[in-house]
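What follows is a short report on a single structure.
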Amino acid sequence: MTNTHGDNAERLDGIAAIHARLREDAAALDDAAARGATELPGWSRGHLLTHLGDLSRAFARQARYAVEGRTVEVYDGGRPGRDAGIERGAGRPAAQLRESLEDGLTQLEEAWAELGPDDWSLPCSYRGADLLATQLCWWREAHVHYSDLGTGYRPEEWGDALGAHLVGYLLPRLPQTRTTVLLSADTTRRWEHGSGAPTTVHGTQNTLAAWLAGRSAAQRPKAYGSSDSLPDLGPWP
C-alpha cells in the first residue's frame, strides 16, 4: 500500500505535476467548455473545478490549524455546506473558475510547504485522522477528478503507485457476500475481499482501479468463476 510517510516525497512530486497539468488545461477552457458535461452524472466542468478549488482550500486550512494544535471542520457547514458551495460556484465564468482553482492550489501548496516530516502525523478533523490522510485523499481526488474533466487525462495515466493505492482503498466497495479476487495482469499484485462463492476479476491494475472508482478506462476488467458478471459496487468508503 502506498500510504506510508516514507512515500511522501514521490507522492507530493506527483501531486505537483498534476497541479501543473490542471492549471494548463483549465487555462484553455472558455465559458462554453466550462459548461460541458463530465463523467460524473449531473456535474459540469464548472462543478469539478469548483470542487477541486474548494477542497484544496479546505485541506490547506486543515494543515494550518493542525500545526497550531487546533482542529476545524473540513467545510463550513459540513457536507451540506460543501454541496451548496459546489452548486453555487459551478455556473461561474471560466475566468472565475480558474481564479478559484488557482487560489485553492496555491493555498494548499503553500500550507504543505510549511510542514515538516513529522507534521503529517498531526491530528485534523478530516475523518478524525491525521494530515497524511488529507494528502492521500487529495492524491486520489486530484487525479481521479482530473480524468473526469474530459481534457485528455485518462485512468491509464494514473501510474503504478496510485493505481495500487486506489484498488486497496476501494476494496470495501465490493460485496461482502461473495469472495472477489482481483488479479492484476500487468503486476504481481492480488487482492481479495468478502466471503462466499468466489469470482475472479482480471485486468490491468489501472483498469481494475478505474472500474472500482466507477470510471471508464480503455478496457473493462473481466470476471470468471461463480459469476461471469462483474460484482455490483457499493458507495465510496
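The values are calculated or read from the model by the stated rules, or taken from the named source; none is laboratory data. Everything numeric here is computed off the predicted structure, so don't read it as measured data. Using ideal geometry, Cβ is built from the backbone for each residue, glycine included, and neighbour counts are taken over all protein chains shown.
How many of the residues making up region 60-72 are crowded, with 17+ Cβ neighbours inside 10 Å and among the acidic types (Asp, Glu)?
0
Tell me, which residue of region 29-48 that is assigned to a helix (DSSP H, G or I) and in contact (Cβ under 8 Å) with a residue 60 or more places away in the chain is farthest from Leu149 (Cα to Cα)?
That would be Asp31.
Among the listed residues Trp191, Trp158, identify the single one that is at pLDDT 95 or above, closer than 21 Å to Gln219 by Cβ, surrounded by 15 or more Cβ atoms within 10 Å (Cβ to Cβ) and in contact with a Gly (Cβ under 7 Å, 6 or more places away or on another chain).
Trp191
Being of a type in the set (Lys, Arg), assigned to a helix (DSSP H, G or I) and farther than 20 Å from Leu131 by Cα: is that true of Arg79 here? Spell out the reasoning first.
Values: of a type in the set (Lys, Arg): yes; assigned to a helix (DSSP H, G or I): yes; farther than 20 Å from Leu131 by Cα: no.
For Arg79, the condition - of a type in the set (Lys, Arg), assigned to a helix (DSSP H, G or I) and farther than 20 Å from Leu131 by Cα - is not met.
Wholly within region 119-237, which strands (runs of 3 or more DSSP E) include no fewer than the required count, namely at least 2 residues that are polar (S, T, N, Q)?
Of the strands (runs of 3 or more DSSP E) lying wholly inside region 119-237, those with at least 2 residues that are polar (S, T, N, Q) span 179-184, 198-203.
Check whether at least one residue in region 14-28 is outside any helix (DSSP H, G or I), in contact (Cβ under 8 Å) with a residue 60 or more places away in the chain and loosely packed, with under 15 Cβ neighbours inside 10 Å, and report yes or no.
yes
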